[in-house]
Structures are given as structure tokens and as C-alpha cells.
Amino acid sequence: MPKVHAGGDAPATRGRGRRVSTNLAEINVVPLVDVMLVLLIIFMVTAPMIQRGVEVKLPVARRANAVEGERVFVTVPATFRADNAVFLGNERIRLEVLQERVRQKMETASEKKVYLRGDGTVQLQDLMSVFDKLKDAGVADVGIVAKAPGDL
């Protein structure tokens, strides 16, 4: 808030009259708010572009149930036979490392469930090798994820 000082009898202020001074401790927040709004808009526009999932064509089942609760997904892509790599969530890892990484995740999980998603073109033997690694890691339940006929 500006403060008004009276001219008084001091010889230095004789010709000036009243003087207004501002307090330097006040911060002007308008530029700060403008910058924050611009940053918010930038992040809102770029965030959907950054997020990418794993492209998998799930097999269709007539009686597929929705998965609820905390989920750990292991995805076997169509390129599994060539590169021997799977996805743990969105992270690409080699099959040899899968057992240890799943064991680390299961230490803190309340339910020891893992959901296995396989591309429709993956052979059953490839799914079984991943399934064996999950059981060796101490996973109690392994569910195989399929999509319902109406899902896209």
C-alpha cells in the first residue's frame, strides 16, 4: 500500500509538497500467474503426446471380466520370438530379467497377481515360457487377459 508523507518543515522538501513512496516488500504476482498459466497450457498440450502404450492385438473371449485393483501387467508382443523381450507395465525388459523384476514388485504387493497379455499372433509355447518365469518369481495367480467382443 503506498504511503503518503507530508511536506513538513524540512528544508529539503520545501518545494515538493506531498511525496508518495511504495513498499518494496510487496510482490507483484500477476506476471507469476501469467507464466504459470502458460506452463500449464504447455503441459496440458504435450502430455497426451508423450504417453504411448504397447500395441497389442488381444485375443477375443466371450466371457472376459474387467480387471480391478492394483494391476501388474506383463505383455508378450508379436516380436517376442525374434528379440525375446517382454513388457513389464510399459517397460521393455528381456525374459531373463523378468523373474527378478517381478519378484521385486511382488515383495511390496498385497495381492500376488500378475496379468499376462499376449498378442494374438504369439504362440502358446512363448506364453508358457513367460508363465513359467512368473511362477518361478513367486506369483500366486497369473491371469490371462482377453478382450470382450464389443471392445475395440
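The values are calculated or read from the model by the stated rules, or taken from the named source; none is laboratory data. Here the structure is a predicted model, which is why all the values come from computation and not from measurement. When we count neighbours, we look across all protein chains shown, and the Cβ atoms used for this are built from the backbone with ideal geometry, even at glycine.
Scanning the stretch 73-98 for residues that are of a type in the set (S, T, N, Q), within 24 Å of the chain's Cα centre (by Cα) and surrounded by fewer than 18 Cβ atoms within 10 Å (Cβ to Cβ) yields one hit, Asn90. Listed conditions (1) at pLDDT 85 or above; (2) over 21 Å from the mean Cα position of the chain (by Cα); (3) surrounded by 18 or more Cβ atoms within 10 Å (Cβ to Cβ) are all met by Val139, apart from (1).
Residues are listed down the side, and each one gets a yes or a no for (1) modelled with pLDDT of 85 or more; (2) more than 14 Å from Ser129 (Cβ to Cβ); (3) of a type in the set (Lys, Arg); (4) in contact with a Phe, Trp or Tyr (Cβ under 7 Å, 6 or more places away or on another chain):
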| position | (1), (2), (3), (4) |
| --- | --- |
| Ala66 | no, yes, no, no |
| Phe73 | yes, yes, no, yes |
| Ile93 | yes, yes, no, no |
| Glu96 | yes, no, no, no |
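Of the residues in the stretch 111-126, at least one is part of a loop (DSSP other than H, G, I, E, B) and of a type in the set (A, V, I, L, M, F, W, C). For the stretch 110-126, the count of residues that are of a type outside the set (Ser, Thr, Tyr), modelled with pLDDT under 85, under 24 Å from the mean Cα position of the chain (by Cα) and exposed (fewer than 14 other Cβ atoms within 10 Å of the Cβ) is nonzero.
Does Val130 satisfy being among the β-branched types (Val, Ile, Thr), assigned to a helix (DSSP H, G or I) and either at pLDDT 85 or above or farther than 14 Å from Ile144 by Cβ (or both)? The answer is yes for Val130. Does Ala61 qualify as being of a type in the set (Gly, Ala, Ser) and at pLDDT 70 or above? No, not satisfied.
Looking only at the stretch 99-106, decide whether some residue is within 14 Å of Gly138 (Cβ to Cβ), surrounded by 14 or more Cβ atoms within 10 Å (Cβ to Cβ), basic (Lys, Arg) and within 21 Å of the chain's Cα centre (by Cα). Yes: one or more hits. Residue count for the stretch 1-53, restricted to those that are at pLDDT 65 or above and either assigned to a helix (DSSP H, G or I) or touching a Gly at 6+ places or on another chain (Cβ under 7 Å) (or both): 22. For the stretch 75-110, name all the residues that are assigned to a strand (DSSP E or B) and out of contact with any strand residue (DSSP E or B) (no Cβ under 9 Å at 6 or more places or on another chain). Passing the criteria: only Glu91.
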